[in-house]
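These notes are about the structure you will find just below.
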Amino acid sequence: MSEEKEKHEHEEHHKGESKTITIKKDSLWKGSVFVLLALLVVSMFTGGFGIGGHAVANTNNANTNTGTTANTNSGSGGNVDTSIITANSNLYPELGPANAAHTVIELADFQCPYCALASGLPNWTSQYASQYGDLIGSAKTMEQLAQQGKIRFIFVPLAFLGQESISAAQAAFCAEKQGKFWDMHDAIYGASDGPQEDTGKYSVPNLEKIAATISGLDTAKFNSCLENNDTLDQVNQAMTDVQKAGFQVATPQFFVDGKSVTPSSSALTAAIGQ
């Protein structure tokens with residue numbers, strides 16, 4: 001990533017009245033370009049994309065606030081209400097026992113390069129170990145702890161970085177219909193060939209190829225789901241819930257028991273006492 005790219009905070013910062021984002025297939029790319037251009041213009045006057053002090057995934061120092069500060073992270077002026085996410089297990093995929101001592105929520109966009117680093121799955125992540133050290137694999141660490149029954153881990157797929165973000169989120173939800181969300185989650189990140197966005201790697205045809213590598217997945221049903229936009233409403237609902245709850249539309253974000261925590265393995269494990 002270039003120096004300018006390292007500053008890139010993947011977020012839409014809404015001030016004042018909350019505004020719901022609804023995704024429409026025929027106008028998404030225009031809106032995405034507008035948003036990113038607007039952020040670029042703002043960044044020229046704010047020294048980068050760290051708007052309002054809410055920088056994300058920027059360092060390998062676990063003590064640096066690369067996420068957002070607990071109790072001040074809000075999209076519309078109020079505190080974050082994570083119960084909107086935790087109460088909807090039908091929409092948001094999760095791992096681990098529902099009654100675990102700690103609940104960890106991750107907000108991520110499949111196209112966000114920092115989210116890819118947090119997943120630790122793309123083969124290019126090792127190139128950034130010196131820059132982002134403790135971020136790399138932080139989400140994977142949480143998944144593993146959930147699989148061990150130590151935490152409840154909830155994944156919230158956001159989609160605001162372009163058409164391929166939408167398609168990837170839809171694909172993950174389509175896989176979820178067959179109980180294969182986490183397989184698709186790993187396959188999507190694993191197929192990433194670099195930190196660039198909207199390069200075609202998550203086009204519908206490529207997502208169908210990615211899905212075909214998942215054992216036990218009915219590809220005919222999956223392809224029909226993706227091509228017919230059967231899960232677009234779920235993608236929209238996630239965006240609506242995130243804004244309603246007071247989260248910023250920014251990735252990656254981690255919350256432990258309702259409090260924002262730096263997206264690093266050391267900070268996250270410390271927050272859950274591991």
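The values are calculated or read from the model by the stated rules, or taken from the named source; none is laboratory data. Quick caveat: nothing in here was measured; it's all calculated off a predicted structure. We place every Cβ from the backbone using ideal geometry, glycine too, and count neighbours over all the protein chains shown.
Among the residues making up the range 174-188, those that are surrounded by fewer than 24 Cβ atoms within 10 Å (Cβ to Cβ) and either closer than 17 Å to Glu208 by Cβ or among the small types (Gly, Ala, Ser) (or both) are Glu176, Lys177, Gln178, Gly179, Lys180, Phe181, Asp183, Asp186, Ala187.
For the residues Ala245, Ala267, the requirement of being of a type outside the set (Phe, Trp, Tyr), farther than 18 Å from Glu94 by Cβ and touching a residue at least 24 places away in the same chain (Cβ under 8 Å) singles out Ala267. Summed over the range 216-228, the residues that are over 16 Å from Phe173 (Cβ atoms) and either acidic (Asp, Glu) or touching a residue at least 12 places away in the same chain (Cβ under 8 Å) (or both) give a count of 1. When the range 132-159 is filtered for residues that are among the charged types (D, E, K, R) and in a helix (DSSP H, G or I), the ones remaining, listed by number, are Asp134, Lys140, Glu143.
Condition check for Tyr132 on (1) modelled with pLDDT under 95; (2) more than 23 Å from Lys201 (Cα to Cα); (3) surrounded by fewer than 24 Cβ atoms within 10 Å (Cβ to Cβ): one failure, at (3). Somewhere in the range 77-86, is a residue part of a loop (DSSP other than H, G, I, E, B), at pLDDT below 95, buried (at least 21 other Cβ atoms within 10 Å of the Cβ) and hydrophobic (A, V, I, L, M, F, W, C)? Yes, there is a match, as at least one residue in the range 77-86 is part of a loop (DSSP other than H, G, I, E, B), at pLDDT below 95, buried (at least 21 other Cβ atoms within 10 Å of the Cβ) and hydrophobic (A, V, I, L, M, F, W, C). If the condition is being among the basic types (Lys, Arg) and part of a helix (DSSP H, G or I), then the range 224-274 contributes only Lys244. Taking the range 187-200 as the range and being touching a helix residue (DSSP H, G or I) at 6+ places or on another chain (Cβ under 8 Å) and under 26 Å from Ile154 (Cβ atoms) as the test, the residues that pass are Ala187, Ile188, Tyr189, Ala191, Ser192, Pro195, Glu197. In this structure, does Ala187 turn out to be at pLDDT 95 or above and closer than 20 Å to Pro93 by Cα? Here the answer is yes, as Ala187 does meet what is asked.
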